Amino acid sequence: MNNPAPNLSDFGHDPLWLSIIKALFIFVFLMVGVLLGVWTERKLISRMQHRYGPNRAGKFGLLQSVADGLKMGLKEDLMPRTVDKVIYFLAPVIIAVPAFLAFSVVPFGPMVSIFGVRTPLQLTDLPVAVLLVLATASIGVYGIVLAGWGSRSPYAILGGLRSSAQVVSYEIAMGLSFVAVFLQAGTLSTSEIVAKQAGGGTWDILGMHIPTPSWYVFSLLPSFLIYAITMLGETNRVPFDLPEGEGELVGGFHTEYSSSLKFAMFMLAEYVNVFTVSAIAITLFLGGWHAPWPISIWDGANTGWWPMLWFFGKLVLAFCFFVWVRASLPRVRYDQLMAFGWKVLIPLNLAWILLAATFRALRLPEVDRGGILALGAVIVIGAFAIWLRFDTTNQRRRERKAAEVEEEFEQLREEPTAGGFPVPPLDLPHYHGVVPAARLHHEAKEVTSGSN
Amino acid sequence: MGESITFWVLAVVSVIAALGLVFSRRAVYSALMLGVVMFSLAVLYAVQDAPFLAAVQIIVYTGAVMMLFLFVLMLVGVDSSDSLVETIRGQRFWAVLAGLAFAALLGLGIGNAVLSPPKGLAAANRAGNVPSLAELIFTRHVFAFEVTSALLITAALGAMVLAHRERAEPKQTQKDLSRARFVRFGQLGRNPGPLPGPGTYARHNAIDMPALLPDGSVSPLSVNRVVARYEAAEGTLPPEVERILQEEALSERANGHVARPLGEEDGK
């Protein structure tokens, strides 16, 4: 029990029955999680909007999602006449299966003993576990795209196309935000990344020993922030829910899937994907199953079955974050979404990776510090020069535009009818011969919009 | 044992998918079949103890490249068929030549791998799968790696240049358009606001029903000229609309204006 954190060599020894138990647990956990997740989301968002939410079926409306699920299962399964039958049928399956797969590499806890077998609380681990998550995500997109294409409906195909472009672009930013974690941890396996976040040193200040945070959310904050944004884009949640933007595309890619079991699959996949990206955020940045600070003072907090509780707690909080974002933010426009992904998130991420790699290189023991710093200085100065160049060009453009607008308003002030703005005649009786302020004081200028 | 079972299952699947790729009539099906082939390859890599290659195969090829193929095919349209006219001269000859050259290259590569004694998986993965691969890529094969990336960047740049279009005049923003509408209002007295919808203040909201002003008279702005012309030909034009159109035509003739529908935006 002295080293409870598993590493890669602890995997692959489970007997078959144990693997089946673990896989079954993950499946049941996700299914129940989706039922409770839908309920939590509806209750929470209702409270944020000053209403009660479902409160009829069962205590606190807890059975509402069970009732909805039953209804979806029992409804007539419509197959529209014009759809591509094979693809229309396959799409919900393709989207749902990979969503479950990704959870097989999520560490729930350290080594425990199950029926006398010592085993990590994790189905499996790979040297490339985090990449496996990205891979399943990219398979899942097929479900959305094929649902859109197979439906033979303009709304659905627009939703599908939007989705493919959005998810592929946000996957790049997401993958880049993992890079700093890989650099820091030196591994791509989830269990080892969690083990690396076990504990930092202590920070001695005024005689107190404050343990420094070892979670990567603190040391790699920019990566975490970018990941938090991309995980919203990757799961098509508000504010990036353009593939199914109901205001403009009815239901987006699942317009033609009326509320039957097939629609339930899409719903299921969406929530499981939310759980997956939350679990990955917890694993990579929020210390995995490690107890948060005040609890971690207790020595037994990170052994046995307790860590599973901390993990679930973090998962619930992460899910509540999704709901909170949904309640607060409006949907962004599509071109803004793409511009944000490509022109902001990816360059920022690249710059941050360079910075993180430089710090990492500086801390290596046998290294030429002067050389690295000189190289860094050259890059920083070069980047600054480029920025300055662009900035002066932009500044000049802005000034020219402002001067143009100013000139136009000057002309209009002198001769109101020239440009045709509807200005009342200045000799109207109710002015009583009073000259308008704009003509009296030439220095009192109008503040025009857009002139900055 | 497990490896050979996986191989025989995937071999059948990928050969069928590859045949489907060639013979299916619809481009989207072909693309999906290609996706299946790529996915089977990834699983084979995983079974052969190359997890990194498997993950990257799925992320890059199945996930990104195939998705872009699909994207294009879907934009082209559902039922579009290929044009059978060959636009490049000598296309077949060069295609056959390139195919033969590729086959020779493939044969050389495979022969090289088969004939030389294998190092073994243990030697290849001594420092772990990912670090060993990284070491090879960034030391021994770094030049090939960088040249490939340069090639890809060149291709992307070329695509951008081909797709780029220089604007002849600056793009009109909403603000510019609004300003132009007001200028037109000042010069021609044209309504700068949106047109009234048909049926406003009326009992009907059909497109052929002109809007009524608060005093009950017909708003000329809301008369749909196309429908009015059709109704005039059919003889079902409501008398008040007819009267308005006649008055308009008279006043236009009197002012020397060119007869032009009121609601229509005149292009700049």
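The values are calculated or read from the model by the stated rules, or taken from the named source; none is laboratory data. Model, not experiment: these values are computed from the prediction. So basically every Cβ, Gly included, is an ideal-geometry build from the backbone, and we count neighbours across all protein chains shown. Quick note on the areas: whole protein, heavy atoms, side chains included, nothing else; ligands and nucleic acids left out. Shrake-Rupley method; radii C 1.70, N 1.55, O 1.52, S 1.80 Å.
Between A:W324 and A:W293, the modelled label-to-label distance comes to 1.7 nm, taking each label 7 Å out from Cα in the direction of the beta carbon.
Note on A:L18 and A:S214: with the Förster distance fixed at 22 Å, the Cβ-Cβ geometry gives a FRET efficiency of about 0.15. Computed with a 1.4 angstrom probe on protein heavy atoms, the B-A interface buries about 2700 square angstrom of accessible area in total.
For region B:158-251, the share of accessible area belonging to carbon and sulfur comes to 58 percent (1.4 Å probe, ligands and nucleic acids excluded). Note: relative contact order over region A:1-155, using C-alpha pairs below 8 Å and six or more positions apart, is 28 percent. Residues of region A:271-289 with an amide N closer than 15 Å to a point placed 7 Å from the Cα of A:F60 along the Cα-to-Cβ direction: none.
With an 8 Å Cα cut-off and a minimum separation of 6 or more residues, compute the relative contact order for chain A in percent.
Values: 561 pairs, mean separation 79.3, N = 452.
That works out to 18 percent.
With a 1.4 Å probe on protein heavy atoms only, tell me which residues of region A:153-173 lose at least 10 Å² of accessible surface in the complex relative to the chain by itself. Residues meeting the cut-off: A:I157, A:L161, A:S164, A:A165, A:V168, A:E171.
Legend: residues in region A:114-152 shielded by at least 30 square angstrom of accessible surface upon adding the remaining protein chains to the isolated chain (1.4 Å probe, heavy atoms) are A:P127, A:V128, A:L131, A:A135, A:S138, A:I139, A:Y142, A:V145, A:L146, A:W149, A:R152.
Taking the Cβ of A:A57 as the center, what net charge do the other residues with Cβ under 14 Å away carry, scoring Lys and Arg +1 and Asp and Glu -1?
On the way: positive: A:R42, A:K43, A:R56, A:K59, A:K71; negative: A:D68.
Net charge in that neighbourhood comes out at +4.
Calculated mean residue ellipticity at 222 nm for chain B: -19500 deg cm²/dmol, from DSSP H runs with n ≥ 4 weighted as -39500 (n - 2.57), summed, divided by the residue count and rounded to 500. In plain terms, the chain from B:W8 to B:A156 could stretch by 49.5 nm, reckoned as 0.36 nm per residue minus the Cα-Cα distance.
Rolling a 1.4 Å probe over the heavy atoms of the protein chains gives region B:174-254 an accessible area of 67 Å² per residue.
Pairs exceeding 29 Å between alpha-carbon atoms, taken from A:K22/A:K314; A:K75/A:K314; A:K85/A:K343; A:K43/A:K314; A:K43/A:K75: A:K75/A:K314; A:K85/A:K343. Using a 1.4 Å probe on the protein chains only, how many percent of the accessible area of region A:8-367 belongs to carbon and sulfur? Accessible surface attributable to carbon and sulfur in region A:8-367 totals 72 percent. Between region B:145-166 and region A:52-84, the C-alpha centres lie 49 angstrom from each other. For the Cα atoms of chain A, what angle does the longest principal axis make with the long axis of helix A:346-363, in degrees from 0 to 90, nearest 10? That works out to roughly 50 degrees. Residue-wise HN-Hα couplings along region B:68-74, as the Karplus relation 6.51 cos²θ - 1.76 cosθ + 1.60 with θ = phi - 60° gives them from phi, are 5, 4, 4, 3, 5, 4, 5 Hz; Gly and Pro carry x.
First obtain the Kirkwood hydrodynamic radius of the protein assembly as shown from its Cα pairs, then insert it into the Stokes-Einstein equation at 25 °C and 0.890 mPa s, and state the resulting D in µm² per second as a whole number. Write out the running numbers ahead of the final one.
Working: Rh = 31.5 Å.
My calculation gives 78 µm²/s for D.
Computed from phi, the 3J(HN,Hα) profile of region A:43-55 under the Karplus parametrisation 6.51, -1.76, 1.60 (θ = phi - 60°) reads 5, 5, 5, 5, 4, 5, 9, 6, 9, 8, x, x, 9 Hz, with x in place of Gly and Pro. Within region B:43-62, the residues that become at least 10 Å² less accessible when every protein chain is included than when their own chain is isolated (1.4 Å probe; DNA, RNA and ligands ignored) are B:P51, B:F52, B:A55, B:I58, B:I59, B:T62.
Rounded to the nearest whole Hz, the Karplus-based 3J(HN,Hα) values (6.51 cos²θ - 1.76 cosθ + 1.60, θ = phi - 60°) of region A:11-28 follow the sequence 9, x, 10, 5, x, 4, 4, 6, 4, 5, 4, 5, 4, 5, 4, 4, 4, 5, with x at glycine and proline.
Along its principal axes, region A:8-367 has C-alpha extents of 71, 50, 45 angstrom, given from the largest down. Using the 1.4 Å probe convention, the accessible area of chain A works out to 52 Å² per residue with neighbouring protein chains retained.
Using a 1.4 angstrom probe on heavy atoms only, work out the carbon and sulfur share of the accessible area of region B:1-78 in %.
Looking at region B:1-78 in its full context, I get 79 percent from C and S.
Amide H to amide H, with H built 1.01 Å from N, A:I114 comes under 5 Å of A:T119, counting only residues 5 or more places away or on other chains. What the pair-distance distribution of chain B shows, using all Cα-Cα distances binned every 10 Å from zero, is 5, 13, 20, 13, 10, 11, 11, 9, 5, 1 percent. Across region B:174-254, counting alpha-carbon atoms alone, Rg and Dmax equal 14.5, 43 Å.
Over all directions, the average projected area of the alpha-carbon convex hull for region A:284-395 comes to how many nm²? Kindly include the intermediate steps, with their values, before the conclusion.
Numbers: hull surface 50.1 nm².
Projected over every direction and averaged, the Cα hull of region A:284-395 covers 12.5 nm².
Using r as the Cβ-Cβ distance of A:E410 and B:A168, and R0 as 25 Å, what FRET efficiency do you calculate, to the nearest 0.05?
Values: r = 29 Å, r/R0 = 1.16.
E between A:E410 and B:A168, to the nearest 0.05, is 0.30.
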